Each structure stands twice: as C-alpha cells, then as structure tokens.
1. I need the calculated FRET efficiency for the pair Arg277 and Gln107, taking r as the beta carbon distance and R₀ as 41 Å, to the nearest 0.05.
2. Using only Cα atoms, find the angle between the long axis of helix 136-168 and the longest principal axis of the chain, and express it within 0 to 90 degrees, rounded to the nearest 10.
3. Could you give the size of the charge dipole of the chain about its Cα centre, using +1 on the Cβ of each K and R and -1 on the Cβ of each D and E, expressed in debye and rounded to the nearest 20?
4. Straight-line reach from Lys408: which lysines fall under 16 Å, measuring Cα to Cα and dropping same-chain residues less than 8 apart?
5. Just subtract the alpha-carbon distance of Glu247 and Asp388 from 0.36 nm times their residue separation and send over the number in nm, one decimal.
6. Taking the Cα centre of the chain as the origin and placing charges on Cβ (Lys, Arg +1; Asp, Glu -1), which of Ser358, Leu392, Ser344 is farthest toward the positive end of the dipole?
7. Using DSSP to define loop residues, name the trypsin sites (Lys or Arg not before Pro) in the stretch 1-105 whose beta-carbon has at most 15 other beta-carbon atoms within 10 Å.
8. I'd like the distance between the alpha-carbon centres of the stretch 413-488 and the stretch 376-407, rounded to an integer number of Å.
Amino acid sequence: MGSMNFHLPNPLPAGGRSAVERVQFTGGYDRTPFPTEAKLSPAALQLTKSQQESCAVTIPWPVETFGSPVTSTATLRERPESYDLLVELARGKLNQLRNAIAELEAQGLSPAPEVMAAAKSATQAFVTAVLNPGTAQSAADAGQTIRHCYVSSDALMRQFTGTAIQLRTQGQRRIPTRWGCRIQSVPNAAETALFKAAFTSVVVVPNWAEIEIASTNFDWRNLDAMVDWAIANNYQPTIGPLIDFGEPLPGWLDGWEGELPSLAAFFCDFIESVVHRYQDRVKNWVLCSGFNHWNRYGVSEDDRLRLVGRMLELARTTDVDARWVIGLTQPWGDYLGGDDHSYSPLVFSDTLLRSGLSVNGFELELFAGNDDRASLLRDGLDTVRLLDLFGLLGVPLDVVARHPGRAKASDSQKAGDLSKCWRSSDGEPAQSEWGDWVSKLCLSYAHIRSFTWAAWTDTADDALGLVTADGRPKPLLRALQARREQCL
C-alpha cells in the first residue's frame, strides 16, 4: 500500500467536489487508472493505492470555458509532505503542452502565434504559482496556468489537423477515410437526401433484443429494410456491432447467468444467423462491442476474452472473406478504477492479437455525454496520444463518436454535478464544435480507416443524433457535409 496527500483549494470551485470524487491514480505505458481509495476533508485529500511504484494523478478538474476535461499531474513519488493539487495539475498539463510543441517543432512545423502566446502566459502564471506556495494567489495562478494550457492545446490541435489534412489533400487528392453514420431505422426520403449529401458510408446497427424476442424466433424486417435501403442508395454497408454488451440484449438470456457454454452457444447462433443472411451483400462487420468493459451475465474478464475469440473464429469460418472489427468501450479505461477489472482496453486488444486471432481492426468509442457509456472528457492532446497508442497495434482503427446536441442546452452541472460534455454543455453548438474537431482529427491519420457518428436521429430519450426527431438537420451535420465536400 502507498499513499499521497494533497492540499486542496479552499473553497473548491463549482464542480470541484464532484471532480475530486473521480480522482484516480494512473500508470503504465497506456496511462490507465487503477483502484484508488480517496479520503476527502475540507481542504485536504488523501489517496491510497495498492501499487508501490510512482504514478500520476488524474482528475476531471473544472476549467473555465472548457468544462471538466481530465487533467493529469506529472509522475509523483510518495513522500511524507503534502502536494498542492492545483500546482501539480498545472505542472503536469504544462509539461504535456511543452512536449507537444517540441514534437511539432521537431517535425519542421512552427507553432502558430496564438499557441505560443497562450503557452507563454501559462508558463508565467505557473512561475508565480510556484513562488507563492500555499496561498490563495498560488491557487489562482495555478488555475490560470491550466486554463492557458487548454487554450494553447486547443489552438495547437487546430493547427495540427489543418496542416495534416492539407498535406493529405495536396494535388486535389481525396482522403480515403470512410465517412459515415450509424442508423437503427430506415431514413425517410428527406433524411435520405441529407444522409447522401453528408456521408460516403453507412453502419447498420442490428437490435438483437428486437430481432430475437424469443429464442430462435427471428423478426428480420427492420434489419432487412435498412440493408436494402443502404444498397439501394449505393452504399456498401457495415453491420454491427452484432452483440453489444452496453446495450439491451434479449430478455430470455437473463435466465442463463453464469452459464458460459450456453451463453457462447446463443451468441454464436445469432452471429451465424445474421452472417448467413447477409454475407452475399455485406463484407464489413463489427462483431461485438463493450466486452472489454461491461460485466454481464456473470462472465469474468478472462471469459469475455475467450468468448470474443470463440465468436471471431465462428464468424471467420462463416465468411472467410469478410472484414471483422472488435469494438472497444471507454478506450481510456475509465472503468479500471474498480477492483473487478484488470485489462486495459489496449491490453485487451493486444491479448486478442497475440492469441493469433485474425482481427481486421478495432473500433474506438469516443463518446462524450452524461451517460454511463461516455468517457470522461479529454482534450485534443490526450486524444492524439490515444490514437497514436492504438496505432502501435498495427491494425486499422475505426472511430465512432457521439455527443448530445439539444436545441436548448440543459444545465449540465446543476448542483455541482460533473459534466462529461464539451464545455459542460449538451447543446447543439457544443456537439458541433466537439464533433467537428474529432472528425478532423480522424482525417489527419492514415491508420484511421473510418469515422462514424453513432446516431442519425434523436430519440425520445436522447439528443445524440445529427437530425432532430422532427427532421431538422443540426449544425454538426452541415459541418460533416462540408468536410466531405472538402476532403472526401
């Protein structure tokens, strides 16, 4: 066991208490969380861990105008004295920013003036914070350091994506990235025109719970209609995820809790049925998603890995020519703070590859929002590192993204609740800004095979779509259409 103590700003800013409740130690090559015990007093925080090695501390700290992005300290050692939490967060973010600027310069690119101006302001504020330890002024300066770092990194990411896209489109070349959206029902005629103007691909999402309400009793009408629609509109559709542990599954499976052989047989039977039905028309599949995270039916992590392996072998046997992708939920590993998980998303993926299974790629869920499936908010620097890290696996990546976009933003931080939305807003402007920069980031990488928005239309329960329930296109749809016309 090891512990560290931290001084907290007093009083905590709005949203600060909710942020402290999500504090975690992180470590390892992929910098994922591990179980952390936190004890909070009015102006102090004690963190305890089972590991003995040095590590960093991450926290979704509220930053003015940016929301509550995850901010990390530099690597910290255990010591009797307390650390100043805000100063260490400022030190860690400033170090990350300076390294990113140095990498850009090493590639022969000059950071834009706004990048360097904000970085200079961050450095000056940090010096003042360090020279006045334990004071209210130090806390204020550390907070300004963090904010200036996010301003600089935001400008740096705009410059990086703009330069990368320009290089990839030189000489009137078109970027080969698949540009698509998921559908769960057939778009009407007006929506079809909007869809075709914006996207080059479509992902058809089957709902197993509706297809097989009773065991072996199938209703294919909705899935048939979506596949027919896609092909009629000259798309080569992707189907999947076939089995999603983060979404509702058939109710009759609940009676098989802990029965791994029976569950595996049911999963494989459904996969085989779908593939046999569409294999002549569909060659791109997302086999499953959420198996790295969700613990359902009493299936352990190791058994979930074995289950994915068995399903993949069955799928390969059923259609040897198809492309099979595995979906990964919360790719930063936010779920690892609990004791019931040990495989990070990267380790889960690498284990599948090392087992000799033929995986054609991984689909990363970059989900923002205030639901359980969404990751904590990250900025561009953290997202770039994630994409680079998974690029080391040596297989193509697909990215599926979502962010709520309500016509009238709700109060995302009511009563100090933590928001996982961009700029702490679930309104359409935040959705458009966040979705646009994520999509541009995907266009910047050759190893990212596709960018897909996770929902076409809003539902009664959410506002995750690109089109409202009454058919009005949102600003993000227009932005994605413009990006297609420019680059694809």
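No lab work stands behind these numbers, since they all come straight from the coordinates. For clarity, every value in this text was computed on a predicted model and none was experimentally measured. Cβ atoms come from the backbone with ideal geometry, glycine included; neighbour counts cover every protein chain shown.
1. It comes to 0.25.
2. 40
3. The dipole magnitude comes to about 1640 debye.
4. Leaving aside lysines fewer than 8 places away in the same chain, those within reach of Lys408 are Lys474.
5. Working it through step by step, the gained length comes to 47.9 nm.
6. Selected residue: Leu392.
7. Taking the stretch 1-105 and a limit of 15 other Cβ atoms within 10 Å, the loop trypsin sites (Lys or Arg not before Pro) found are Arg77.
8. 13
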